[in-house]
Structures are given as C-alpha cells and as structure tokens.
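Written out below as structure tokens is the structure these notes cover.
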Amino acid sequence: MTLRDFKRLMRRNWLLLLAIPLVTAVSIYFFARSQDKIYTSNTVLYTGIATGSRIANGEETGPRAADYAYGNMLSLMTSRETKEEVITRLLATHLMLPTYDPSVLNEKTYIRLNELISDTLKRELVGKTVEETAQNISNYYKADNKNVIYKLINSDDPVYSRDAFQKLETERMGASDLVKVQYTSNDAATTYQTLVYLTQIFTRKYEELFSGQNGSVMGYFDVATKQAYDKLQEAQQNLIAFQRENGIVDYDQQISSSSTDKDQAIAQYKELEMQYTGALAALNSAEEQLEKRGASTLKSQEIIRLRNQLSDLNNQIMEMEMQGATKPANPDKLARLKQEAKQVSDQIQDNVAAYEANNTVQGIPLTGVLETYAQNSILVEELKTKLEVLRRQRDASAGEYAELAPMGAEIRNLKRAVEVAEQEYAAQLEGLKQSKLKQQNIELASNLKVVDPPFLPTRSEGTSMVLLVLFGFIGAFLLTGAGVFAADMMDNSLRKPAHAARAINMPILGVLPAPGRRSNKQLTEAKRAEDQLARQVLLKLQQRHSTHSPQVVGVLSSYSGEGKTTVCNALASSLNKMGIETMSLIPDGHAYQEASYNINSFYSPLKGVSSNITLADITGRGNNQRTTDVVLVEFPALLESAYPVALLEHLDLILVTVRTNRTWEQADRAVYDNIQKITKAPIEVVLNGVLHQYVRDYVGAPLGIGSSASNQSTNAPQEIDKWEQETPVLNP
C-alpha cells in the first residue's frame with residue numbers, strides 16, 4: 001500500500017476514526033470521574049544487617065547471608081499475621097473515634113466503616129485504650145469464620161482487608177542496609193497510619209522472632225553444658241578411684257617398666273643359670289678326679305661349713321645390692337659383708353691348699369686339681385646365691401606384670417570415658433559461647449531504626465483526567481486506524497481497480513463511480529468517467545476496423561444488479577451527445593427508466609439461443625429501421641438466466657460489468673473463458689461502484705487544476721469542445 005492509498009483509506013473512514021476515539025474519551029471521563037483518588041506514602045528503615053556493629057563469632061556475613069537475611073525480613077513484613085495485626089490496630093483506632101476526624105480517615109471511609117460495624121458491635125469491641133480495643137477485635141476475629149470482622153479482613157475492602165496490602169511494596173535500596181516500604185491507598189490519613197503501625201509491629205515481631213529463637217538455643221546449651229560437666233566429673237572420679245584401689249599412678253609407665261624388669265630378670269636368670277651349670281659341672285668333675293686319686297677328705301665338715309657360710313654371705317650381698325637400685329643401701333654393712341665373704345673364700349682356699357703337699361696313695365700330685373676345685377667351689381656358691389635371688393626377682397616381676405596386664409582394658413575404658421566427656425563438655429561449652437555471642441549480635445542487629453518516617457500525603461497521585469482522556473482518545477484512534485488498515489489489507493473485494501485487474505485477469509476499460517449523494521465535484525467526476533468510458537468504447541470499436549454497420553457492443557455481467565443498464569444508459573447518453581446514433585437493446589421484462597436521448601428496444605433472450613439468428617431477427621426490426629451507428633445489447637445475468645448465445649458471434653466488443661463490492665469467483669472465470677472461445681470480440685471490464693478517490697486514476701485531474709476559479713469557468717467550455725474534437729468517430 002502506497003502513501004496515497006493510505007491517505008485515501010483514512011479519508012474514506014474518517015467518520016469511524018473520529019467517532020470511536022470520541023466515544024472512548026467520553027467513556028473514560030464518565031467512568032473515571034467517580035473513581036477514588038490514590039495516595040502514597042513511604043518510610044525508610046535502617047537494618048544494619050551487612051554493615052552494622054556485631055561481635056565476630058564465625059558466622060557467615062557475606063552477600064548471600066545478607067540476601068537471606070533481607071529475604072526473611074521482607075517475608076516477615078508481608079506475612080499474614082503482620083497484616084492482620086496492622087488491620088486490627090487500624091480498626092481499633094478508627095472505632096474509638098467519637099466523631100468523624102479528617103486527620104485520621106476520610107469521610108468516605110468513615111461512612112463505610114459505620115455501615116459495616118453496627119453500634120452494638122462497636123460498643124462490644126471498644127475498650128479503654130487502643131491496645132485493649134485491638135485485642136478485643138483480634139479475639140472476636142479468631143472466634144469463628146462467620147463474624148463481621150473475619151469477613152471484612154478477608155474481603156476486598158480497600159482499607160481493612162489483606163487484599164489492600166497488595167499495594168504494599170518493599171525493596172532494599174541498592175546494596176545498602178536501608179529498606180524502603182511504600183504503601184498506596186485511597187485514604188491519605190489511613191495510608192500514613194498503616195505505615196506507622198506496620199513499622200511498630202514489624203520491629204517488635206522481628207526482635208521477638210530472632211531473640212526467641214536464640215533464647216531457646218541458649219537454654220539448650222546451658223542445660224547441655226551442665227550435664228556434660230557432671231558426666232566429666234563422674235568419669236574422672238571413676239578413673240581416680242580405680243587407680244587408688246589398684247595402686248596405679250601411671251599405668252602406661254608402670255606396665256612398661258614391669259614388662260622391662262620381667263624381661264631383664266628372665267634374661268639375667270637364664271644367663272646366670274648357664275654360668276652356674278658350667279661351674280657346677282667343673283666342680284663335679286674336679287671332685288670326681290680327686291675321689292679317683294683318694295682325696296675324699298675334701299668333703300670334710302669344715303669345708304662344707306665354709307661353703308655354706310660363703311653362700312649365706314653372698315645371698316645377703318645380692319639382696320643389699322638389689323635393694324640399692326630402688327632405695328639407698330647401708331654401704332658400711334655391704335662393705336663388711338663383702339670383706340667377710342672374701343675372708344671365707346680365703347679360708348676355703350687355705351683348707352684346700354693343705355692338701356697340695358700331699359699325694360694320693362698311688363703317689364699322684366694334687367696341686368692343679370685342688371686349685372680348680374677351690375675356684376669352682378667358691379664360684380658355685382656365689383652363682384647359687386645369685387641364681388636364687390634372681391629367681392625370686394623374676395617371679396616378683398612376673399607377678400607384678402600379671403597383676404597389671406588385666407587392668408589395661410579397664411584403664412583404657414575409663415580414660416576413653418573421660419576423653420568423651422571432655423569432648424562433649426568442650427562442644428557444649430563452645431555452643432553456649434556461640435549462642436551468647438549470637439544473642440549479642442541479634443540485640444545489635446535487630447534494633448531497627450526509622451531513618452525516614454512516614455509522612456501524611458497531601459496530593460493524590462496518578463494520571464490527570466485530561467491526560468487520561470487524551471491518551472484514551474489517541475489510543476483509540478491508533479487502534480481504530482490499525483483495525484481499518486488491517487481490514488483493508490484483508491479485503492479481497494474488487495474495490496481497488498489495481499486489485500480488480502489482477503483478480504479478473506482482463507483489461508479494465510473504464511469505471512463508474514458509486515451511486516449516492518454526491519457533491520458537485522463528484523458529479524463532475526462521474527460525468528467525466530461516463531464520457532471517458534464512451535471514448536474508450538469508440539476507440540476499441542475503431543481498432544476493430546469493422547465494415548458492417550451498426551457495430552454491436554454486448555454488455556454482460558455474471559449476476560443481476562451489477563449495473564449493466566447503468567452502463568448502457570451512460571454509454572448511450574454520451575455517444576448520442578457526441579452525434580453517434582446509439583440504440584440500447586434491453587431484455588424483456590427489465591425494469592428501467594428510459595432516457596429521452598436513448599433509442600431503446602426490447603428483445604427476447606430466448607430467441608438468441610438458437611443458431612443462425614441475426615440481430616434484426618431478435619429485435620424484430622427489419623431493414624426499415626432508422627440508421628444506427630452503435631447498438632448496445634444488454635445480456636441477462638450469465639450465471640442466473642439464459643442468454644442469447646447466438647449474438648456472441650455478432651458482437652464487436654464485449655463489456656463485462658462488475659460491481660466492486662464482491663469478489664471474483666471461479667464461476668466468473670469459467671463463464672468468460674467459455675465466451676472467449678465462442679466470440680472473436682475483445683472482452684473488456686467496466687467496474688461499477690468504484691470509490692470516488694479511485695475514479696480520478698482513470699479520468700485524470702479535474703478541469704482547471706492549477707488555475708484560478710475564473711480561469712476554470714472561462715476555459716471549461718473550450719476544454720469540452722477540445723475533448724469533443726479529439727473524440728474518435730466511427731468509420732461510416
């Protein structure tokens with residue numbers, strides 16, 4: 001669509017484009033003039049969640065923690081319980097008013113409240129203070145779900161319902177610790193009071209919520225810490241009692257020392273036992289040799305006594321030396337015993353040496369054997385004494401280890417119980433510490449501060465009535481224009497000659513404007529369209545170079561009422577004015593108005609059905625009829641009645657009349673395709689009922705364009721004469 005077509009479209013629908021926006025603007029004004037005014041107030045709270053003072057206790061304080069905290073805060077602010085408490089406080093304030101007070105609520109709200117709450121119920125609810133009245137309202141509200149207060153809070157009332165809080169907006173101001181709360185209502189005073197009560201109630205609930213939660217945590221850790229401490233004391237007392245009962249100071253050190261002593265005693269005993277066995281074997285060997293040599297007197301009572309005395313002294317020395325390893329010994333006594341042992345050893349040596357000067361009865365010397373005997377005898381006594389002492393020491397070590405070993409499991413259980421109790425006590429103590437620190441943080445962070453208190457709005461908000469009406473008018477105009485444009489784009493009718501030419505696929509010879517009331521300008525254009533159509537018909541007939549006279553023009557249409565008679569009358573009128581004798585043939589029974597300058601005649605279309613029939617046969621006029629240059633034959637509707645098929649061969653030009661308020665169908669195409677197969681005459685289209693803005697495309701600009709009115713009136717006859725001189729004339 002070109003800009004010119006768009007202008008034509010808007011000009012054609014100017015009444016619709018004006019009426020709908022006007023109706024819309026009037027409707028907006030009518031319905032909006034009685035609407036409530038809107039008032040908005042806001043307040044700003046400082047939370048201190050992210051940047052406020054706090055005691056560091058290992059808690060997460062990053063941006064996500066702050067976001068969670070703000071989310072919890074805003075959810076608490078818009079919770080159902082908070083809204084209901086604000087409403088009950090607001091109701092209590094309004095019900096306690098003795099008379100209307102514009103600083104508390106507007107007159108409309110006051111009247112509506114008195115209609116909702118009866119005087120009897122008001123006397124029942126109103127107390128001495130606002131708090132008492134609010135508590136009475138809350139109790140009455142929670143009593144059942146059918147009372148007036150319950151229905152009011154759960155209704156769509158703009159002031160006293162939860163739905164009214166849909167206009168409550170909360171937001172965090174950027175990345176700061178400030179929270180902005182904004183509320184909108186139709187009552188300025190109520191808007192202010194709602195924000196005041198909301199701030200008070202929310203602050204209290206916020207502190208109670210977090211303090212109460214941490215208080216229960218602190219109570220838990222306090223009790224748990226005391227219980228853990230009692231368990232630790234009990235476990236420690238059990239361990240101490242067991243150690244005292246069994247004489248244990250340090251079990252691990254004692255069991256390790258006992259095990260070491262036992263192993264050393266066993267090793268020393270085995271080593272000494274091997275030495276004793278060797279010394280005893282050497283002593284026995286020496287005794288056997290001496291007995292074989294006849295020295296049996298070595299087993300005298302004196303030597304035996306000395307050997308026993310040496311054994312006793314060695315025993316005392318060993319015991320004193322062993323005792324000296326654990327506690328201080330008597331050095332004088334130990335030295336005296338060692339001296340006595342040496343003296344006894346020397347005596348044994350002397351008694352044995354008495355035999356060295358003697359020989360056996362066989363005369364064999366005894367010096368070497370006696371020396372061996374004396375040394376081994378002393379060594380055996382010493383080793384025998386040491387072996388006895390080590391045996392006792394070994395048995396004592398083994399007994400001590402045997403007593404300590406079974407106590408290991410019990411000691412470990414008792415120590416494990418102490419460790420577990422200590423860990424539990426430490427954990428509970430740390431939890432108690434953290435909960436106390438968190439309590440301090442809550443007391444610091446939950447202390448909300450009102451930075452910007454609510455204010456009483458004095459001016460209503462929203463779009464003014466003038467702008468609202470103006471925007472409504474413009475919006476309706478744009479929507480209507482878009483609808484007209486869309487309807488025009490979706491219109492498949494033949495209103496537009498360009499579209500009609502593409503749809504019909506036949507050349508358009510001329511157009512006739514739509515009938516109806518016309519201005520002088522439109523009447524002039526209609527007349528020019530008729531004259532232009534007549535000239536085009538003459539031009540087409542001239543191009544045929546037909547030698548017979550008269551020339552016959554068939555006027556056809558698919559349906560009745562498409563303007564065939566109008567086309568015939570227009571052509572006949574214009575051609576006759578041009579001096580061309582024209583006759584119109586009208587089917588029988590056709591209703592028409594005969595013009596004085598037309599020569600009309602009736603014919604029967606059924607006669608033209610048979611072949612080999614002439615135009616004179618159909619009209620009933622022979623060669624005596626007066627001379628006629630052009631004969632216009634109006635055919636019946638092709639898709640509704642029988643038409644004179646035989647006349648198609650005698651036609652010099654076929655004009656197809658089509659009304660523009662319909663579409664071109666397949667039936668139309670089929671019927672004219674068949675006619676083209678029969679006749680040799682060109683088929684042209686005449687559009688009937690074309691809009692006036694499209695007529696100019698075919699007849700050109702009106703007379704005198706670019707001239708003044710006087711020039712138009714002066715030049716008009718000259719232009720008409722010029723057109724008539726240039727009009728083509730049929731060959732005689």
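The values are calculated or read from the model by the stated rules, or taken from the named source; none is laboratory data. Because the structure is a prediction, the values reported are computed rather than measured. Don't worry about glycine lacking a Cβ; one is built from the backbone with ideal geometry, like all the others, and counts go over all protein chains shown.
Quick one: would you say Thr99 is among the polar types (S, T, N, Q) and not in a helix (DSSP H, G or I)?
Details: among the polar types (S, T, N, Q): yes; not in a helix (DSSP H, G or I): yes.
Judged against the criteria, Thr99 is a match.
Across segment 580-605, what is the total count of residues that are surrounded by fewer than 19 Cβ atoms within 10 Å (Cβ to Cβ) and at pLDDT 85 or above?
1
Run down Arg112, Arg89, Arg54 and say which single residue is surrounded by 14 or more Cβ atoms within 10 Å (Cβ to Cβ) and at pLDDT 90 or above.
Working: Arg112 fails: at pLDDT 90 or above; Arg54 fails: at pLDDT 90 or above.
From the options Arg112, Arg89, Arg54, the qualifying one is Arg89.
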